Amino acid sequence: MREERRHRCLRHYAGILRAFAFLCVVLLANAANAAVPTPESHFGHPIGVDRQLLDWDKVVSYFYALAGSSDKIRVAEYGRSAENRPLIVATIAAPETLRNLDRYREIQRRLADPRLTSPAQAEAMFKEGKNIVLMTCSIHASEVASTHSAVEFAYRLITENNPRFQTILNNTILLLVPSLNPDGVDIVTHWYRSTLGTKFEGTNPPELYQKYVGHDNNRDWYIFSQPETRATIAQLHNVWHPEIVYDVHQQGAYASRMFIPPWLDPAEPNIDPILLQEMNALGTTMAADLTAAGKTGIAIHAAYDFWSPSRHYQAFHAGLRILTESASALLATPLAVTPDQIDEDALGYKPREKSWNYIQPWLGGVWKLRDIIDYQELAFESLLHNAAVNREDMLRNFYRVGQHEVERSSPGAIVISKNQRDPGATRRMLQTLAFGGVETMRNEAGEYVISMHQPYSGYAKALLERQRYPNLLLYPGGPPQRPYDVTAHTLPLLFGVDVKFVDAADHERLSADDLRDPPARDFYTAPDTDGWQAVNRWWSNGMTVFRNATGDFAATPRAGSGWREVKRPRIGLYKSWMADMDEGWTRWLLEQFGFAYTSLRNGDIQAGNLRSHYDSIVFADEPANAIENGHQPGTMPQEFTGGVGVKGAEALREFARAGGTLVFLNRASDYGVGMLGLKVKNVLANVPPREFYSPGSLLNVKLDLRDPLTQGLPEEIAIWSEASPVWNADAEGAVAKYPDSGILASGWLLGEKHIAGKTALIHTRYGAGNVILFGMRPQYRAQSYLTFKMFFNALVMD
């Protein structure tokens, strides 16, 4: 009995000691957390309050303050934005994990490439490794909430002592990017503050919220044109190889409160089935967790397909791409939504009706920034907790996807001849693929060879083969089901590079030096895209540039006749207040190739005397009404309203009559035709989508090689067609025409008969000047290297 009492006493005191130890841990944790600054103390207001947005420098300083006060978070700058703001990533995990980041990064590297790691070695890594989650916020800066959510969630994750957060910290490494577009954060914040208390409160700014591409910064994930994209790929994706990338967005205000995968059809066929199934499972679990938390208006399998790799990089690199889109308010201003304002139809569901994928409709109320943040933080927690509890299985599947890639049996390889018309574009295409992790080899004949037995073979295959988008209609005989983005992404057609798919190939590894830019020369053939960068360098250095009848360039004329001096063009690029993305892409392209240009606002054109200052004036893809009229009075502050107007139109006509060149891209051509009174007809003007539809496709045309616009191009090419005008077959000055059949090169095309034999490019005279109508986007998203040359030729037109 005495012995039993002694054991009871020992157990009692042991319990007291355990409780005391636990209390000490809690007190110590609370003491540590007490030193962690709250968002309110840093920003001067709680996160999510009405009418308060954040400045990027304050966001950056807050994350560094968190890192300075907690051992669960590290913050680093990993690049600079287009306007030189810092891009930061917060790495959040358990302190022990953060002390051993190099080890976990090495595990990821080895699991990402099964050639480095045997299945037996991988099994040990599945048990040891962490689930890497990259979470990216506010790439679209008018979707303001996710940067706020990132701030508050980071604070909660490192200060709240709850079991779910502890599981997350112990089993995952969260790479949290508070914004992929810090320039846009400040642009939108400053605009919002300038309009507070006016009738324009809550509107979007009258400028692109990324220096060059605005909303299209989320369409840059295989061409890698922008500094934000390149830094994120080079310093995060390709270093950490995340199992999950969660891209946080907002959507319109009048349908669901949040969209979560599964995606709609179609899915890009080179994405591994394991990833598709895991995205389905993770998305539906997130929806269940939001519903369990009492949130309504959750839509799944709606709105977004999974086709274009321009919107996702990780799905071709063995990772899950999770996207959520929360309903928007008026930036940080509450929005009252009445039941009758709820949309009747949305792609994949009806927002006013209950259905299997929209179980609890949201039918109106006041919607605030705080509501968006609440939904987003629940989604953050759900995704991370599921990643944590399924850590080992997800690591195993990550490795299996890589095994599938290296074991691909058909095709065996993709071969790119060394003798290409355009060596500059060929090299750029190979450099682009290499930046995305694709390995290129050389065979004994000197050809470039991309083996399909490598971890990212599906990525290379997706970008190098032709797309055949399925013929999806909303109902039999009905209109087309709109794809979320474009339907073609065939780099060989865009770059003008010949490739062939083969069953097998002998090859040896290509050294990185072989893909470097070559030394500058003093002569370039017309097809070589590098020549245009060279001539701009020559001009900038005060040199004289010569060109011959075939379009070749030289710094000094070569033997033979036909060489003439080419003056540097004085270029004006129209820039409306309607924030035109294609204008931004055009600016980017001109700068990359070294062209000097001036942005022209409405008043600049209306001032007249244009010929004294410019040789060429370019109008990027923009609707005719937007160019002519711009924002209507009352919809924006007065200084941002109006368009070119009557006065500007007369100034443009006078410019052309006096010998200037007017260049109109895609939809802007409709403005040019009407403003100049040209005798051509857009044959698609009244054709409904059910009869003709080309939603971002590559279409075959035949060129008239006698026209100077075509110098450096082959007779048959593929052009980018997206809401593009098509003119009558007998249009005066036709330079490019569609064939009578076989028009689709890649993507999706309905109603070929409407454009068969018709005109896609016009070069005509107006007075002493030139008018060029592109029924295409020749500088499409920095990708269409083949047709860059037609655009550049237009700028130096006599």
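The values are calculated or read from the model by the stated rules, or taken from the named source; none is laboratory data. Note that this is a predicted model, so its numbers are computed, not measured. Virtual Cβ from ideal backbone geometry, glycine too; neighbours counted across all protein chains shown. We work out accessible area using only protein heavy atoms, side chains counted, and drop any ligands, DNA or RNA first. Shrake-Rupley method; radii C 1.70, N 1.55, O 1.52, S 1.80 Å.
Any chance you could give the angle, 0 to 90 degrees and rounded to 10, that helix 785-795 forms with the longest Cα principal axis of the chain? Helix 785-795 and the main axis of the chain meet at about 50 degrees. If a spin label sat at a point 7 angstrom from the Cα of residue 579 along the line to its beta carbon, the backbone N atoms of the range 114-151 nearer than 15 Å would be those of 138-145.
Calculated accessible area for the range 575-732 comes out at 40 Å² per residue, all protein chains present (probe 1.4 Å; ligands, DNA, RNA ignored). What the pair-distance distribution of the chain shows, using all Cα-Cα distances binned every 20 Å from zero, is 15, 45, 32, 6, 1, 0 percent. For the chain, the dipole from Cβ point charges (+1 on Lys and Arg, -1 on Asp and Glu) about the Cα centre works out to 820 debye, to the nearest 20.
For residue 83 and residue 612, the FRET efficiency from 1/(1 + (r/R0)^6), where r spans their Cβ atoms and R0 equals 30 Å, is about 0.40. By the equivalent-ellipsoid construction on the alpha carbon gyration tensor, the range 643-798 comes out with semi-axes of 25, 18, 14 Å, ordered largest to smallest. In the full protein context, the range 188-305 carries 30 Å² of accessible surface per residue, based on a 1.4 Å probe and ignoring ligands, DNA and RNA. Between residue 599 and residue 444, the contour length at 0.36 nm per residue exceeds the Cα-Cα span by 50.8 nm. Between the alpha-carbon centres of the range 430-500 and the range 594-609 there is a gap of 38 Å. Over the range 317-394, the fraction of Cα-Cα pairs per 10 Å bin, rounded to whole percents and listed from the shortest bin up, is 15, 35, 33, 15, 2.
Please identify which residues in the range 309-343 have an amide N closer than 15 Å to a label point set 7 Å out from the Cα of residue 49, following the Cα→Cβ vector. Backbone N within reach: 332-334.
Rolling a 1.4 angstrom probe over the protein heavy atoms with all chains in place gives the range 521-566 an accessible area of 45 Å² per residue. With semi-axes defined as the square roots of five times the eigenvalues of the C-alpha gyration tensor, the equivalent ellipsoid of the range 125-246 measures 31, 21, 8 Å, largest first. Candidate cross-link partners of residue 647 among the lysines, defined by an alpha-carbon separation under 17 Å and a same-chain spacing of 8 or more, comprise 575. Annotation: the range 232-306 has a Kirkwood hydrodynamic radius of 14.0 angstrom, from the mean reciprocal C-alpha pair distance.
Grouping the Cα pair distances of the range 483-601 into 5 Å bins from zero gives a pair-distance distribution of 2, 8, 13, 15, 15, 15, 14, 9, 6, 3, 1, 0 percent in increasing distance order. Of the solvent-accessible surface of the range 241-400, computed with a 1.4 Å probe and all protein chains present, 53% belongs to carbon and sulfur. Relative to the current alpha-carbon distance between residue 639 and residue 417, full extension at 0.36 nm per residue lengthens the span by 74.5 nm.
In the structure displayed, which of 72/130; 295/368; 567/679; 199/368 lie more than 20 Å apart, Cα to Cα? Result: 567/679 exceed 20 Å.
Show that you can apply the helix-only estimate: for the chain, add -39,500 (n - 2.57) for every DSSP H stretch of four or more residues, divide by all residues, and state [θ] at 222 nm to the nearest 500. Could the numbers behind the result be given before it?
Working: 23 runs with 273 residues, N = 798.
Counting only the DSSP helices, I get -10500 deg cm²/dmol.
What is the calculated FRET efficiency for residue 525 to residue 160, with r their C-beta to C-beta distance and R₀ = 60 Å, to the nearest 0.05? Plugging the Cβ-Cβ distance into 1/(1 + (r/R0)^6) gives 0.40. A full extension of the chain between residue 516 and residue 333 corresponds to an added length of 60.9 nm, given 0.36 nm per residue minus the alpha carbon distance.
Working from Cα pairs under 8 Å separated by at least six residues, relative contact order for the range 346-470 is 22 percent. Size descriptors for the range 308-360: radius of gyration and Dmax over Cα atoms are 15.9, 44 Å. Between the alpha-carbon centers of the range 717-795 and the range 532-585, tell me the distance in whole angstrom. The range 717-795 and the range 532-585 have Cα centres separated by 22 Å. Here, the range 531-632 has an Rg and a Dmax of 16.7, 58 Å when only alpha carbons are counted.
Considering only protein heavy atoms and a probe of 1.4 Å, how much of the accessible area of the range 680-798 is carbon and sulfur, as a whole percent? It is 47 percent, rounded to a whole number.
How much of the accessible area of the range 616-668, probe 1.4 Å, is carbon plus sulfur, in whole percent?
52 percent
Quick check: the distance between the Cα centres of the range 290-344 and the range 200-255, to the nearest angstrom? The two parts, judged by their Cα centres, are 15 Å apart.
Enter the angle in degrees (range 0 to 90, nearest 10) between the Cα long axis of helix 391-406 and the first principal axis of the Cα atoms of the chain, meaning the one along which they spread out most. Taking Cα atoms only, the helix is inclined about 30 degrees.
According to the Kirkwood relation over distinct C-alpha pairs, the hydrodynamic radius of the range 376-430 is 15.4 Å.
Projecting label points 7 angstrom from Cα along Cα→Cβ for residue 280 and residue 798 puts them 6.4 nm apart. Principal-axis analysis of the Cα atoms of the chain puts helix 56-69 at an angle of about 30° to the longest axis. Placing dummy labels 7 Å off each Cα toward the beta-carbon, the span from residue 768 to residue 732 is 2.0 nm.
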